[in-house]
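These notes concern the structure reproduced below.
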Amino acid sequence: MSRQRRRLVYEGKAKALFEGPEPGTLVQHFKDDATAFNNQKRGTISGKGVINNRISAHLMMRLGEMDIPTHFLRPLNMREQLVREVEIIPVEVVVRNVAAGSLSKRLDIKEGTPLPRPLIEWYFKNDELNDPLVLDEHILAFGWAAEDELDEMFGYALRINDYLSGLFHAINIRLIDIKFEFGRHFSDEGMHILLADEISPDTSRLWDLETDDKLDKDRFRRDLGKIEEAYQEVARRLGVLPKSDRAEASA
Ligand code: UDP
């Protein structure tokens with residue numbers, strides 16, 4: 001199916017969503033574009049879309065096997081995957097295992113300080129407001145999610161973080177923090193919450209276990225160089241590096 005014929009449903013910074021081949025499905029297309037600091041920094045990371053498509057598909061499938069419901073249905077091609085259509089809950093759920101990024105800045109905690117237990121934070125998904133940190137009280141008061149949905153997101157976020165921490169540890173990567181988005185899926189059986197969006201080095205912090213090298217979007221945010229190589233390295237360790245990249249990576 002050619003992309004021109006498909007109806008564009010949504011276009012974001014790193015991804016576009018097209019109408020899927022079956023009702024209730026969408027084609028999630030991964031782009032090479034990257035933005036940071038609320039769109040103030042823009043760039044392209046060559047091959048990122050292909051790699052993130054692979055990484056996210058792989059991790060969503062692993063999570064599915066752990067009975068975590070996700071929007072992922074099947075891979076389609078190098079840059080696209082088929083997903084279930086959901087109503088995105090406008091809350092970003094961040095789980096932190098080690099202090100970094102905005103937490104380190106806000107509370108003046110040295111980056112790399114291990115946290116005594118996983119810390120969950122909620123951010124209101126709103127570009128104009130720069131995704132502000134909010135309390136669960138705000139989410140409930142303004143009706144962005146219901147109390148049982150919050151509880152479910154909280155539980156899933158912790159389980160996913162636990163599982164992924166172990167999975168990454170096995171390939172010598174420390175999962176520092178990670179962002180999740182959830183969506184409401186409506187079917188004959190009612191409404192269920194699914195993990196949506198993507199899981200990739202764009203949405204998590206991944207440090208090499210031995211060297212603390214950053215293998216994630218901080219290389220772009222902070223101009224650390226070797227961005228493509230870092231994303232490829234994560235894919236390689238996960239065993240999902242696309243063949244064409246494998247040749248390049250070993251050249
Ligand atoms: N994150 C994300 N999208 C956002 C904001 C954050 O995927 O809009 C991810 C980010 O990559 C990191 C985690 O959430 O893995 C925590 O990010 P932080 O609050 O430190 O924000 P930053 O200062 O990195 O934007």
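The values are calculated or read from the model by the stated rules, or taken from the named source; none is laboratory data. The structure displayed is predicted, hence computed values, not measured ones. Cβ atoms come from the backbone with ideal geometry, glycine included; neighbour counts cover every protein chain shown.
Out of all the residues in the range 169-207, which are in contact with a Leu (Cβ under 6 Å, 6 or more places away or on another chain) and charged (D, E, K, R)?
The one that is in contact with a Leu (Cβ under 6 Å, 6 or more places away or on another chain) and charged (D, E, K, R): Arg174.
Quick check on this structure: which one of Ile51, Ile55, Ile109, Ile88 is among the aliphatic types (A, V, I, L, M), within 14 Å of the ligand (Cβ to nearest atom) and in a helix (DSSP H, G or I)?
Answer to the check: Ile55.
Please verify whether Leu164 is in contact with a Phe, Trp or Tyr (Cβ under 8 Å, 6 or more places away or on another chain) and either among the hydroxyl-bearing types (Ser, Thr, Tyr) or touching a residue at least 24 places away in the same chain (Cβ under 8 Å) (or both), treating the condition exactly as stated.
Considered against the rule, which asks whether it is in contact with a Phe, Trp or Tyr (Cβ under 8 Å, 6 or more places away or on another chain) and either among the hydroxyl-bearing types (Ser, Thr, Tyr) or touching a residue at least 24 places away in the same chain (Cβ under 8 Å) (or both), Leu164 comes out as no.
Is it the case that some residue within the range 30-42 is part of a helix (DSSP H, G or I) and among the aliphatic types (A, V, I, L, M)?
no
Need pairs with beta-carbon distance below 6 Å; first residue farther than 14 Å from Ser204 by Cβ and within the range 214-240, second modelled with pLDDT of 95 or more and within 11 Å of the ligand (Cβ to nearest atom); sequence gap 6+ or separate chains.
Taking only residues 6 or more apart or on different chains, the pairs are Ile227/Phe220.
Test each condition in (1) crowded, with 19+ Cβ neighbours inside 10 Å; (2) modelled with pLDDT under 95 for Val98 and report the one that comes out false.
Looking at each condition in turn, Val98 falls short on (2).
Considering only residues that are touching a residue at least 40 places away in the same chain (Cβ under 8 Å) and in a helix (DSSP H, G or I), look in the range 58-71 and name the one that is surrounded by the fewest Cβ atoms within 10 Å (Cβ to Cβ).
This residue is Arg62.
Can you find even one residue in the range 221-234 that is touching a helix residue (DSSP H, G or I) at 6+ places or on another chain (Cβ under 6 Å), hydroxyl-bearing (Ser, Thr, Tyr) and surrounded by 13 or more Cβ atoms within 10 Å (Cβ to Cβ)?
Taking the range 221-234 and keeping what is touching a helix residue (DSSP H, G or I) at 6+ places or on another chain (Cβ under 6 Å), we get 227, 230-232.
Those still in the list that are hydroxyl-bearing (Ser, Thr, Tyr) too: 231.
Applying the additional criterion that residues be surrounded by 13 or more Cβ atoms within 10 Å (Cβ to Cβ) yields 231.
Yes, because at least one residue in the range 221-234 is touching a helix residue (DSSP H, G or I) at 6+ places or on another chain (Cβ under 6 Å), hydroxyl-bearing (Ser, Thr, Tyr) and surrounded by 13 or more Cβ atoms within 10 Å (Cβ to Cβ).
Determine if the range 29-52 includes at least one residue that is in contact (Cβ under 8 Å) with a residue 40 or more places away in the chain and within 27 Å of Met191 (Cβ to Cβ).
Looking for residues that are in contact (Cβ under 8 Å) with a residue 40 or more places away in the chain and within 27 Å of Met191 (Cβ to Cβ), one finds at least one in the range 29-52, hence yes.
Of all residues being farther than 23 Å from Asp202 by Cα and within 16 Å of the ligand (Cβ to nearest atom) in the range 135-178, which is surrounded by the most Cβ atoms within 10 Å (Cβ to Cβ)? Just the residue, please.
So the residue we want is Trp144.
Does the range 81-94 include one or more residues that are polar (S, T, N, Q), over 27 Å from Leu209 (Cβ atoms) and either out of contact with any strand residue (DSSP E or B) (no Cβ under 7 Å at 6 or more places or on another chain) or crowded, with 19+ Cβ neighbours inside 10 Å (or both)?
yes
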